[in-house]
């Protein structure tokens, strides 16, 4: 059975199980109180979000729930009792509004409240007329929201959790945590909700991603909560890697904790998080030595420790100050070993990252909302090779000798951002700035003892390398770099169910003379029918990209004076200068084109969304992007056939130019259905990405003719399918599954020889374009089975859930246990997570070198089936 058919069959089985369980549990459900959820959005008369509004929900049974609106003017109430409810909304500077006899139905409910300024008339709009909310660019239109309960069914392993979110979002997605980019994702238990937004043309966006993913943490609680979690994986439960001679010695141990609660009730809250892991993963070596095939396993030990603390202080009823510190550190050994690299190629890497963040969002006046963010990041990275011997690279046969990687780098980055919102009549205005400063220092001894390159096993046996490369000179570099952007945007309510967004962004940065980088943006949203269930959205815009500090560093480092590349053609071996035919080139260097421009993307899209019976959401969208002035490398001193090098006093001059282009066509369909007992999401993407370079330092095969460089991008998987589903089997027991499929990605075919004598062995056969071959598709089906229960009575005054006063995001479903378990003081969840359930062989590392004994074959595979067990204990 094909992977695609099995994925479909597996989902059908899960659906059947869910329906069967629904029938079996129907009697139980009838005897228990039905539950509902309510999302309240509070707006001012100009439809700007009202932050810090106090909302109280009183149910018919007398139970009271309370919450405060977040920076988007929203509050979420989970596990309410179906029936009549009374709502009270209060905000400073606005008239209080009370809503009697609001009918709460089972499942999701939404309510929009428009508050008038004090002494003016109040207005309430219930969500039956959804047209305005569907076209609001800052609302939930074209947004998929994962709640706490759905998040709880994702993998517990932080790395797998992050990978799953990236698969859900698709390529090019931009992730933000409470408005910040970078750093690590918070633990699942501290996440209130995750929003996948399809609004790429907002002027505040720097990146041209199709989807932006916003992760929001929970605000402060009215009492102390905590959790302990453990995860364990052993090679005894794992399957053998497809290319491994035996099952590898693997192990994974993870432990973490969270603690959060009020230091000063309703004013100051503290959040603590710590998690450490010890992993031993095995990597396969598949190589061809002069004496025959070589196949071995090597262990990759990894130690990680992540710590974070967050303090939230209520300054006023509409302002909350958030302070956060993160320390993320890891050490990895035996890196650089695997595939064709033998054990002596190993090196160690240590990294320690520190983040400090400050943010404040709130009302300046009843019309102005301000969002301020400050982030500083400092990081130290050290790498050290096991061997200092010269490297021997026999192209796609085997690599031995030292890793030629030895460095110590330090960076300090500061980001200051501020956004201001203002609403007047039918206009919602937003303006903002983003300033990023960086200080970078490094010592890099890359290729310090040199590298011999052989085209084949035969040339290695005869001692005839193609080239010898060595970098010499001062390894120390210090430099600064800043980049700045500002934007303004106007979201206009043209008519009922129709909005127009006009924006302009301008960016520039140090070390680039190009400052005229204006990026206009346009967005249109239209809900044509009265029921508001259909929305059409279109947009277009320009997005500029930064000239990164890593790339700029290479132009400072390898400038031909401070450091330079020594290149010997037809060298001797093991002494590169012993051959009578050796040709030592003058020093080589890396430089920027004096006419270098900032790259940019021109993009446009059109999409359609339809809600069916308030449960099914269908979204389809087409995107087009064209990359202009993209960065590529170009050896401008490559030898001319029969004439030699244009500058005989220099070796290779690798110039970074903004002369490459790209095109992308992408069609995406997303279908979801989120209910209490059974939820599922299907995301399919059909795309084609063509470009002309793999990066700013990648060189063409022919430096005088770029026509053969246009081809599929390395990540060009034409088909991508992601499916996520989970269901409640019996009381407290849940089953979830995640399936993803990617079609084959391309790889390059080269001769393995230096045919054009430019000392770079990336030449392709005549008529063969870049990335013209493709490997194998990738398929994975993972499953998660969990059981949650509670015990012990709550503290005095908290014996009934319905009598608690909770804040935003305090859901009655904690990582899987049923709602009634939340009435217990202690709660436990046990889980079994299986990755690659079918042990499908996902083959990688296809060889495109014609002189390799592995030409056209894969020599590596992604991990086989792995099983992880664990538990989470909370209070």
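The values are calculated or read from the model by the stated rules, or taken from the named source; none is laboratory data. Everything numeric here is computed off the predicted structure, so don't read it as measured data. Cβ coordinates were reconstructed from backbone atoms using ideal geometry, including for glycine residues, and neighbour counts include every protein chain displayed.
Among the listed residues 741, 722, 779, which satisfies the condition of being surrounded by 19 or more Cβ atoms within 10 Å (Cβ to Cβ), under 22 Å from the mean Cα position of the chain (by Cα) and at pLDDT below 95?
722
Could you check how many residues of the range 259-313 are more than 25 Å from the chain's Cα centre (by Cα), part of a strand (DSSP E or B) and touching a residue at least 60 places away in the same chain (Cβ under 8 Å)?
8
For the range 383-395, which residues satisfy the criterion of being touching a helix residue (DSSP H, G or I) at 6+ places or on another chain (Cβ under 6 Å) and part of a strand (DSSP E or B)? Explain how you work it out, then say what you get.
Just the residues of the range 383-395 that are touching a helix residue (DSSP H, G or I) at 6+ places or on another chain (Cβ under 6 Å), to begin with: 387, 394.
Scanning the range 383-395 gives a single hit, 394.
Looking at the range 442-455, is at least one residue farther than 19 Å from residue 206 by Cβ and without any contact (Cβ under 8 Å) to a residue 12 or more places away in the chain? Full working, then the answer.
Quick first cut of the range 442-455, residues farther than 19 Å from residue 206 by Cβ only: 442-455.
Still in the list and also without any contact (Cβ under 8 Å) to a residue 12 or more places away in the chain: none.
For the range 442-455, residues farther than 19 Å from residue 206 by Cβ and without any contact (Cβ under 8 Å) to a residue 12 or more places away in the chain: absent.
Among the residues of the range 360-389, what is the count of those that are within 28 Å of residue 441 (Cβ to Cβ) and crowded, with 20+ Cβ neighbours inside 10 Å?
4
Can you tell me which residue within the range 644-693, out of those that are outside any strand (DSSP E or B) and in contact with a helix residue (DSSP H, G or I) (Cβ under 7 Å, 6 or more places away or on another chain), is modelled with the lowest pLDDT?
Looking at residues that are outside any strand (DSSP E or B) and in contact with a helix residue (DSSP H, G or I) (Cβ under 7 Å, 6 or more places away or on another chain), I get 677.
Considering the range 732-775 alone, what residues qualify as being within 22 Å of residue 164 (Cβ to Cβ) and touching a residue at least 40 places away in the same chain (Cβ under 8 Å)?
Within the range 732-775, 733, 734, 735, 736, 737, 738, 739, 740, 741 qualify.
For residues that are under 24 Å from residue 68 (Cα atoms) and either at pLDDT 90 or above or surrounded by 16 or more Cβ atoms within 10 Å (Cβ to Cβ) (or both), tally how many sit in the range 224-272.
Let us first name the residues in the range 224-272 that are under 24 Å from residue 68 (Cα atoms), namely 224-226, 258-272.
Still in the running and either at pLDDT 90 or above or surrounded by 16 or more Cβ atoms within 10 Å (Cβ to Cβ) (or both): 225, 258-262, 269-272.
Residues that pass the stated criteria total 10.
If you go through the range 347-364, how many residues are farther than 27 Å from residue 184 by Cβ, touching a residue at least 60 places away in the same chain (Cβ under 8 Å) and either part of a loop (DSSP other than H, G, I, E, B) or within 23 Å of the chain's Cα centre (by Cα) (or both)?
Filtering the range 347-364 for residues farther than 27 Å from residue 184 by Cβ gives 363-364.
Then keep just the ones that are touching a residue at least 60 places away in the same chain (Cβ under 8 Å); that gives 363.
Narrowing further to those that are either part of a loop (DSSP other than H, G, I, E, B) or within 23 Å of the chain's Cα centre (by Cα) (or both): none.
Residues in the range 347-364 being farther than 27 Å from residue 184 by Cβ, touching a residue at least 60 places away in the same chain (Cβ under 8 Å) and either part of a loop (DSSP other than H, G, I, E, B) or within 23 Å of the chain's Cα centre (by Cα) (or both): 0 in total.
So which helices (runs of 4 or more DSSP H) stay within the range 84-196 end to end and still have 3 or more residues that are modelled with pLDDT of 70 or more and under 22 Å from the mean Cα position of the chain (by Cα)? Please lay out each step first, then the result.
Details: elements: 131-134, 148-152, 158-169.
The qualifying helices (runs of 4 or more DSSP H) are 148-152, 158-169.
Considering only the range 609-628, I want to know if a residue exists there that is closer than 25 Å to residue 708 by Cα and assigned to a loop (DSSP other than H, G, I, E, B).
First pass over the range 609-628, keeping only residues closer than 25 Å to residue 708 by Cα: 624-628.
Imposing the further condition that a residue be assigned to a loop (DSSP other than H, G, I, E, B) reduces the set to none.
Scanning the range 609-628 turns up no residue that is closer than 25 Å to residue 708 by Cα and assigned to a loop (DSSP other than H, G, I, E, B).
Could you say whether any residue in the range 336-347 is within 30 Å of residue 227 (Cβ to Cβ) and modelled with pLDDT of 90 or more?
Taking the range 336-347 as the starting set, the residues that turn out to be within 30 Å of residue 227 (Cβ to Cβ) are none.
Checked against the condition, which is being within 30 Å of residue 227 (Cβ to Cβ) and modelled with pLDDT of 90 or more, the range 336-347 yields no hits at all.
When you scan the range 336-348, do you find a residue that is touching a strand residue (DSSP E or B) at 6+ places or on another chain (Cβ under 6 Å) and closer than 30 Å to residue 90 by Cβ, even just one?
No, the conditions are met nowhere in the range 336-348.
Taking only the range 466-502 into account, find how many residues are in a loop (DSSP other than H, G, I, E, B) and either on the phi > 0 side of the Ramachandran plot or buried (at least 17 other Cβ atoms within 10 Å of the Cβ) (or both).
Taking the range 466-502 as the starting set, the residues that turn out to be in a loop (DSSP other than H, G, I, E, B) are 466, 474-475, 496-497.
Of the ones still in play, those that are also either on the phi > 0 side of the Ramachandran plot or buried (at least 17 other Cβ atoms within 10 Å of the Cβ) (or both) are 466, 475, 497.
Qualifying residue count for the region: 3.
Kindly provide the set of residues from the range 503-534 that are touching a strand residue (DSSP E or B) at 6+ places or on another chain (Cβ under 8 Å), assigned to a loop (DSSP other than H, G, I, E, B) and farther than 19 Å from residue 627 by Cα, ordered by number.
510, 511, 527, 528, 533
Run down 61, 54 and say which single residue is surrounded by fewer than 22 Cβ atoms within 10 Å (Cβ to Cβ), modelled with pLDDT of 80 or more and either in contact with a strand residue (DSSP E or B) (Cβ under 9 Å, 6 or more places away or on another chain) or more than 25 Å from residue 316 (Cα to Cα) (or both). Reasoning before the result, please.
Numbers: 61 fails: modelled with pLDDT of 80 or more.
Being surrounded by fewer than 22 Cβ atoms within 10 Å (Cβ to Cβ), modelled with pLDDT of 80 or more and either in contact with a strand residue (DSSP E or B) (Cβ under 9 Å, 6 or more places away or on another chain) or more than 25 Å from residue 316 (Cα to Cα) (or both) holds for just one of 61, 54, which is 54.
Take the range 225-249 and flag every residue that is in a loop (DSSP other than H, G, I, E, B) and free of Cβ contacts under 8 Å to residues at least 40 places away in the same chain. Show your work before the answer.
So in the range 225-249, the residues in a loop (DSSP other than H, G, I, E, B) come out as 238-249.
Once the filter is applied, which keeps residues that are in a loop (DSSP other than H, G, I, E, B) and free of Cβ contacts under 8 Å to residues at least 40 places away in the same chain, the range 225-249 yields only 247.
What is the residue count in the range 535-575 for residues that are surrounded by fewer than 22 Cβ atoms within 10 Å (Cβ to Cβ) and part of a loop (DSSP other than H, G, I, E, B)?
Adding up the residues that qualify gives 12.
Taking the criterion of being in a loop (DSSP other than H, G, I, E, B), in contact (Cβ under 8 Å) with a residue 24 or more places away in the chain and touching a strand residue (DSSP E or B) at 6+ places or on another chain (Cβ under 7 Å), would at least one residue in the range 371-382 satisfy it? It would help to see each step written out before you state the result.
Here is the first cut: in the range 371-382, the residues in a loop (DSSP other than H, G, I, E, B) are none.
No, the range 371-382 has no match at all.
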